[in-house]
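Colleague: Could you have a look at this structure, given as structure tokens, before my questions?
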Amino acid sequence: MYSCNTIGLYLYYAMEKILVVGATGTTGNKIISILNNDTNFEPIAMVRKEEQQANFKKQGVQSVIADLTNDVSHTTVGVDKVIFAAGSKGKALDAVDRKGAMKIIDASKKNKVKKLVMLSSIGADTPQQSDKLQDYLQAKHDADMYLANSGLDFTIVRPGTLNDETPTGKIRLSKSLDTKQGEIPRGDVAKVLVHSLKDAIAKREVFEILNGEHQIENALDTVQTS
């Protein structure tokens, strides 16, 4: 018969350590909150400045300091899985959205991360078809392709336009949606990214999501692999 201390120790070591890249962003904060309230995960927030660590410390969340424009090789040491949800908002597409993502992929490969979940965007498969967002989508496309060819296990999630509406818990999901126009609450995207950490969800696959009518868990069942 196990003691409470033994069970607690087992649960602690059974938790997967999840590095969240982009943790200080609006979507990243939601990801951290979901992970922090899930007994299966232990989130680690990647931040650029020491003062950003205080907010996560209050939540009981570990953090690591790194800048995507510099060396990030230390960020994945001891990490089980990664969620990449960082973005420069168009200010440093090459340095952050493209090369920054590639650096995290390289660090994940070096330190044998078990899975990387990438927040991409609808349209990243055909960036040349966009009039206004071509540079952004090209950066996302390049990062996605680099991940796909890295040898890592991955899931690439491509949502429509993110908004700050109340999450519905419901989405439309397909490997290629019949419409690329639409929005989705950040909270729902965060939940999809966290659920995609599961080994069997869309293993080495890409899918698109919009606000919709199917419960997130049920929608993700359609991209579950054996």
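Colleague: In the chain, what percent of the accessible surface is made up of carbon and sulfur (1.4 Å probe, ligands and nucleic acids excluded)?
Modeller: 48
Colleague: Here is a further query. Provide the per-residue ³J(HN,Hα) series for the range 199-204, in order, calculated from phi with Karplus coefficients 6.51, -1.76, 1.60 and θ = phi - 60°, each as a whole number of Hz, with x at glycine and proline positions.
Modeller: 4, 8, 7, 6, 5, 6
Colleague: If you line up the long axis of helix 26-36 against the longest principal axis of the chain, both from Cα atoms, how many degrees apart are they, to the nearest 10?
Modeller: With rounding to tens, the tilt is 30 degrees.
Colleague: What is the spin-label model distance, in nm, from D106 to Q62 if the labels are put 7 Å beyond Cα along the C-beta direction?
Modeller: A separation of 2.4 nm, rounded to one decimal place.
Colleague: Are there any trypsin sites (Lys or Arg not before Pro) in the range 55-147 that are in a DSSP loop and have at most 16 other Cβ atoms within 10 Å? List them by number.
Modeller: Answer in residue order: K89, K91, K112, K114, K132.
Colleague: Next question. Relative to the present Cα-Cα distance, how much length would full extension add between K17 and N70 at 0.36 nm per residue of separation?
Modeller: Stretched fully, the K17-N70 segment lengthens by 16.8 nm.
Colleague: What is the Å³ per residue value for the convex hull set by the Cα atoms of the range 11-99?
Modeller: Roughly 89 Å³ of hull volume per residue.
Colleague: A further question follows. In whole Å, what is the distance between the alpha-carbon centres of the range 14-39 and the range 93-166?
Modeller: 18
Colleague: With θ set to phi - 60° and the Karplus curve 6.51 cos²θ - 1.76 cosθ + 1.60, what are the ³J(HN,Hα) couplings of the range 176-182 in order, to the nearest whole Hz, using x for Gly and Pro?
Modeller: After applying 6.51 cos²θ - 1.76 cosθ + 1.60, I find 8, 5, 6, 10, 9, 9, x Hz.
Colleague: Rounded to the nearest 10 Å², what accessible area does D38 show when all protein chains are kept and the probe is 1.4 Å?
Modeller: Answer for D38: close to 40 Å² accessible.
Colleague: In a GNM of the chain with a 10 Å cut-off on Cα contacts, which of Q62, Q181, Q134 has the highest mean-square fluctuation?
Modeller: Taking springs between Cα atoms under 10 Å, the residue moving most is Q181.
Colleague: Using only helices, what value at 222 nm comes out for the chain when you add -39,500 (n - 2.57) per DSSP H run of length 4 or more and divide by the total residues, to the nearest 500 deg cm²/dmol? Numbers along the way, then the final one.
Modeller: Values: 7 runs with 71 residues, N = 226.
Estimated from H runs of four or more residues: -9500 deg cm²/dmol.
Colleague: Which residues' amide hydrogens lie under 5 Å from the amide hydrogen of K115, considering only partners 5 or more residues apart or on another chain, with H built in the peptide plane?
Modeller: Amide H neighbours of K115: V82.
Colleague: Modelling each spin label as a point 7 Å along the Cα-to-Cβ direction, I'd like the E217/V77 distance in nm, to one decimal.
Modeller: 3.8
The values are calculated or read from the model by the stated rules, or taken from the named source; none is laboratory data. It should be emphasised that the depicted structure is a prediction, and the values quoted were computed from it without experimental measurement. Please note: Cβ atoms are built from the backbone with ideal geometry, for glycine as well, and neighbour counts cover all protein chains shown. Surface accessibility is based on the protein's heavy atoms, side chains included, excluding ligands, DNA and RNA. Shrake-Rupley method; radii C 1.70, N 1.55, O 1.52, S 1.80 Å.
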